[in-house]
1. Helix 144-169 versus the longest principal axis of the chain: what is the Cα-based angle in degrees, 0 to 90, to the nearest 10?
2. Excluding residues on the same chain fewer than 8 positions from Lys108, give the aspartates and glutamates whose Cα lies under 13 Å from its Cα.
3. Could you give the length gained on full extension between Thr81 and Leu138, defined as 0.36 nm per residue of separation minus the Cα-Cα distance, in nm?
4. What number, in percent, do you get for the relative contact order of the chain if the mean sequence gap of Cα pairs under 8 Å and at least 6 apart is divided by its residue count?
5. Using the basic label-point model (7 angstrom from Cα toward the beta carbon), what is the Glu35 to Glu101 distance in nanometres?
6. Quick check for you: with a 1.4 Å probe and neighbouring chains kept, what is the accessible area per residue of region 54-196, in Å²?
7. Against the globular-protein guess of 2.2 N^0.38 Å, express the Cα radius of gyration of the chain as a ratio, rounded to two decimals.
8. Looking only at Glu123, Glu94, Glu35, which one moves most when the chain is put into a Gaussian network model with springs between Cα atoms under 10 Å?
Amino acid sequence: MKKQSVWLVATLAAVLVVGCANQKAPAEQAVAGAETALAAVRDDAQKYVPDQLQAVDSQLAALKDSLTKGDYKTVLTGAPTLNSAISSLKDAAEAKKADAEAALAKAKDAWGPLSAEVPRMVEAIQSRITALSKSHHLPKGVTKDGLASAKSGVDSLKSMWSDASNASASGDFTTAVSKAEAVKDKAAEIMKSLGM
């Protein structure tokens, strides 16, 4: 009887060891597969959905920790959830990237007309200020204060336009268009104050 229980315990221990060994390889493969899948989307995810990437990184770290501790069952049960999270991360990053590319294309299209129109407006304002400064009588609706304000405003416009041009030169058309629109709006105000 005693020999049977020793053999039974030994057999159970052997089955347990074999069972753990049988789970070790799949657990290691699951973690390696998740790491590979995450590496494939990491750059875009970092750029477009960093918060979601951080959450997935935490999930992966937890599974790696379980693998290190030899808790293969936890790894194997957690792997599908992690893979699903990586898939969602990939989809979210691709969607945000597509939105960003569409916005960039739209900004590039808008930059062309603005890059021609806004400098002409600034030049017209500068010409009007020069003409009014030489004039002895200001037209109706234009005051000396308004002219002085327009003079300082045109310098501000040139500085703002320089920023917009620099942004477009560096390929940041979204910022360039935003700054150009601000210049255009301010230029329109100055033109109105000068009776243009």
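The values are calculated or read from the model by the stated rules, or taken from the named source; none is laboratory data. Predicted, not measured: the structure shown is a model, and the values here were computed from it. So basically every Cβ, Gly included, is an ideal-geometry build from the backbone, and we count neighbours across all protein chains shown. Each accessible area value is taken on the protein alone, full model and side chains, heavy atoms only, with ligands, DNA and RNA left out. Shrake-Rupley method; radii C 1.70, N 1.55, O 1.52, S 1.80 Å.
1. 40
2. Asp172
3. Working: separation 57, 0.36 × 57 = 20.52 nm, distance 7.45 nm.
That works out to 13.1 nm of additional length.
4. Details: 147 pairs, mean separation 38.4, N = 196.
Across the chain, relative contact order equals 20 percent.
5. With each label placed 7 Å out from Cα toward Cβ, I get 3.0 nm.
6. Details: 8420 Å² over 143 residues.
Heavy-atom SASA per residue in region 54-196 reads 59 Å².
7. Working: Rg = 33.5 Å, N = 196, 2.2 N^0.38 = 16.3 Å.
Dividing the Cα Rg of the chain by 2.2 N^0.38 Å gives 2.05.
8. Greatest mean-square fluctuation among the candidates belongs to Glu123.
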